[in-house]
Amino acid sequence: MTKPRYKRIVLKLSGEALSGEAGYGLEPKIVQSVAEQVKAISDLGVEIAVVVGGGNIWRGKVGSEMGMDRANADYMGMLATVMNSLALQDSLENCGVETRVQTSIEMRQVAEPYIRRKAIRHLQKKRVVIFAAGTGNPYFSTDTTAALRAAEVDADVILMAKNNVDGVYTADPKVDQSAEKLEELTYMRMLNDELGVMDSTASSLCMDNDIPLLVFSISEEGNIKRAVQGEDIGTIIRGK
């Protein structure tokens, strides 16, 4: 058995990654597949935190088109991430993986409030911790949540699992057939070239706290384990 490269990770999943081809809602088979892949790396002794987006249930863009206040739209998005987190928790526990959901907005009947020391203790006990409800503040994305929580719990890496691309390209490969896949790049280049991997706030947080980011496809079964074991997949982003 290959020894994992990383001891503690933050796994960033988009909401769309849980929705399958439909692009909305939850696809049970995909949620189950993600849970099984997380269990596989948990069995290696890796400490796992997860941040899930909410775009499969609610997108702020819809709120904008309705003329909705931005803060209200963002709070609705936070609630969507809680729904996804609870669904993933249920699948993980059905796989026999002890899991805790911590929310940035208190809802004690549903999940624990986010407490940094408690989250770290859960990780040390090999429980999977799912961070829900974003940062608890509007105007911040779940990418920023992943960067912030990774810094707070001293994670070795952020694994950004994508459902429609296998790494970072010089341009959108769906639009530009000449786009080239990048094996490695710096945060500064990512920002300067506007490659759109994550928003600038999240990128700056990762860069300032020296947290590497690995972007890879979740579509292929077992890729999360391959990423944790250091196999050559996706694109690694680090440094300045």
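Below, the figures for the structure above:
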{"item": "Residue-span extension gain [LYS61 to GLU21] - 0.36 nm each, minus C-alpha spacing", "result": "12.4 nm"}
{"item": "Exposure proxy order (Cβ contacts within 10 Å, fewest to most) of ASP232, ASP90, ASP156", "result": "ASP232, ASP90, ASP156"}
{"item": "Computed FRET value (nearest 0.05) for GLU183 with GLN109, which takes r as the C-beta separation and R₀ as 45 Å", "result": "0.45"}
{"item": "Sites GLU98 and ASP69 - FRET efficiency at Förster radius 41 Å, r taken between beta-carbons, to 0.05", "result": "0.60"}
{"item": "Per-pair calculated FRET efficiency, R0 = 30 Å: GLU231 and ASP172 via Cβ, rounded to 0.05", "result": "0.75"}
{"item": "Charge sum, other residues only, whose C-beta stays under 9 Å from LEU123's C-beta, Lys/Arg counted +1 and Asp/Glu -1", "result": "+4"}
{"item": "Given the chain, longest segment not containing exposed loop GluC sites (Glu not before Pro) (DSSP; at most 15 other Cβ within 10 Å)", "result": "1-97"}
{"item": "Which of PHE140, PHE131, PHE216 has the fewest Cβ neighbours within 10 Å, and the rest in rising order", "result": "PHE140, PHE216, PHE131"}
{"item": "Order of ARG5, ARG70, ARG149, ARG59 under a 10 Å beta carbon neighbour criterion, fewest first", "result": "ARG70, ARG5, ARG59, ARG149"}
{"item": "Cross-link partners of LYS225 among lysines (Cα-Cα below 21 Å; sequence separation of 8 or more within a chain)", "result": "LYS3, LYS7, LYS12, LYS29, LYS39, LYS125, LYS126, LYS162"}
{"item": "Region 1-129, dipole about Cα centre (Lys/Arg Cβ +1, Asp/Glu Cβ -1), debye to the nearest 20", "result": "860 debye"}
{"item": "Furthest towards positive pole of dipole, THR2, LEU44, ILE115, structure part region 1-116, Cβ charges", "result": "THR2"}
{"item": "Dipole moment magnitude, nearest 20 debye, the chain about Cα centre, only Lys, Arg, Asp, Glu C-beta charged", "result": "960 debye"}
{"item": "Farthest toward positive dipole pole in the chain [+1 Lys/Arg, -1 Asp/Glu at C-beta], among VAL128, ALA202, VAL215", "result": "VAL128"}
{"item": "log₁₀ of I(q)/I(0) at q = 0.14, 0.18, 0.24, 0.27 Å⁻¹ - region 174-236, Debye sum with one point per alpha carbon", "result": "-0.48, -0.77, -1.13, -1.21"}
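Quick note: the coordinates plus some simple rules give every number you see, no bench work behind them. Since the model is a prediction, treat every value here as computed from it, not as a measurement. Note that each Cβ is placed from the backbone with ideal geometry, even for glycine, and that neighbours are counted across all protein chains shown.
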